[in-house]
Structure formats: structure tokens, C-alpha cells
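First comes the structure, then the notes that go with it.
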Amino acid sequence: MGSARSVLELLGEPRLLGTFGEELPLIDHLCQTAEVLWHDSDDSELAVAGLLHDLGWSSGSTEAEHASDGLRLALALGFSERVGQLIGLHVTAKRYLVRTDSRYWGRLSRESRATLVEQGGELGVDEVGPFEASPYFDDAIRLRLADDMAKDPSRPRAQLESFYPIIAEALESAQ
């Protein structure tokens, strides 16, 4: 089980300063995603899912595995099944939106378009219904859209310490 402090330490690791193909460091992207979700919802679990959604990437996961590796990491840190599942579904949500929204492709960053192929391409017709039936569907879409919005290299990075209260709240709600 993790603590809010240990999660902040994990987020402070130098490997998160890499850009992983985008125009901003991964830590900036994670912070921006969490901020968008927190400001739109005041939902600590959703915001924490945004804060942790790409951590699988930084541990050497492939594009196809980073969401499932992130899910496992979130559960190992003591977060709820909901936080883990939202992290695990953020790639499925991208694949779903490419399948169901003709304008979505044009809103993806160049890197996100490139990684879509490694992630399985657009969601298969037979996969749409089961994903829509998931109890996490709406929030997975919200996380995905925040993920896409949170790529502004000119935006100052939030202080990691500012996320302590929402991390602690999300860990507490998992108990």
C-alpha cells in the first residue's frame, strides 16, 4: 500500500521529465490532465487517474501495455478499482472515440495518432458495445478527453505538492 507521500515521490522521479514523443515532459502532461479533471469535477479519484494514467510508459512499457501496467501500478499503490480501471481504459477510450467520432482523429496530437497503431487502431465494431456497457465508460471518456487537452508546453507545471490532498482523499476512499 502506498501513501500520498510515496505517490508524490514516484511522480517526482527524473524519468518523468522525458517527453515520450510529445512537446512537454510527461510529468507536465500528467499534472495538466489531473488539473483539467479536478477543475471539471472535484472528483479526486478521477483526477488521480488523470495524474497517474501514463506512468506505465515511464517504466518501460510498450504502447500496447502502458495502460494495463498503469492499472496494476495504481492498484499496488492502494488506489481503488475505479482509479485502476480508468487508467486501464484510457487507451480503449481513445480507440473508441476514433471509431465513433469522425472529428476526433483531427484533435489528436501527432504522437497520439502514431501510437494508435501500436495500441490496436480504432476499436473493433464488436468491442464498442462492451466498452459502452462498462460502469467506467463515462469517466474513461472524460479522462481520455482531458488527456488530449493536457498537452500545452507553455503552461507552467503545477507544484506536485498541490496534488497531495486529492491523492490522500483517493487513497482514503479506497479503504
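The values are calculated or read from the model by the stated rules, or taken from the named source; none is laboratory data. Nothing here was measured: the structure is a model prediction, and the numbers come from that model. As a convention, Cβ positions derive from the backbone with ideal geometry for all residues, glycine included, and neighbour counts pool all protein chains shown.
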Right, SER3: surrounded by fewer than 24 Cβ atoms within 10 Å (Cβ to Cβ) and within 22 Å of SER173 (Cβ to Cβ) or not? yes
For the range 57-68, which positions are assigned to a helix (DSSP H, G or I) and within 20 Å of GLU22 (Cα to Cα)? TRP57, SER58, HIS66, ALA67
Just name the residue that is surrounded by the fewest Cβ atoms within 10 Å (Cβ to Cβ) out of those in the range 92-117 that are more than 15 Å from the chain's Cα centre (by Cα) and β-branched (Val, Ile, Thr). VAL117
Restricting to the range 26-56, and then to whatever is closer than 18 Å to ILE141 by Cβ and of a type in the set (Ser, Thr, Tyr), can you tell me which residue is surrounded by the fewest Cβ atoms within 10 Å (Cβ to Cβ)? SER41
For the range 56-86, what are the residues that are within 15 Å of ALA174 (Cβ to Cβ), among the aliphatic types (A, V, I, L, M) and in contact (Cβ under 8 Å) with a residue 40 or more places away in the chain? ALA76, LEU77, VAL83, LEU86
Pull up the range 120-173, narrow it to residues that are more than 15 Å from the chain's Cα centre (by Cα) and among the basic types (Lys, Arg), then point me to the one that is nearest to GLY88 (Cα to Cα). ARG157
Working only within the range 59-91, note down all residues that are surrounded by 22 or more Cβ atoms within 10 Å (Cβ to Cβ) and of a type outside the set (A, V, I, L, M, F, W, C). HIS66, GLY70, GLY84, GLY88, HIS90
For the range 70-86, does any single residue satisfy the condition of being within 15 Å of the chain's Cα centre (by Cα) and among the basic types (Lys, Arg)? yes
What tally of residues in the range 1-58 results from selecting those that are within 13 Å of GLY70 (Cα to Cα), modelled with pLDDT of 95 or more and polar (S, T, N, Q)? 0
When you scan the range 147-160, do you find a residue that is of a type in the set (D, E, K, R), touching a residue at least 60 places away in the same chain (Cβ under 8 Å) and farther than 20 Å from HIS29 by Cα, even just one? no
When restricted to ALA114, ALA74, the only residue outside any loop (DSSP other than H, G, I, E, B) and either under 20 Å from GLY2 (Cα atoms) or polar (S, T, N, Q) (or both) is ALA74
Determine, yes or no, whether LEU17 is surrounded by fewer than 21 Cβ atoms within 10 Å (Cβ to Cβ), over 11 Å from the mean Cα position of the chain (by Cα) and within 23 Å of SER109 (Cβ to Cβ). yes
Among the helices (runs of 4 or more DSSP H) confined wholly to the range 1-55, which include 1 or more residues that are touching a residue at least 60 places away in the same chain (Cβ under 8 Å) and over 16 Å from LEU73 (Cα atoms)? 26-41, 44-52
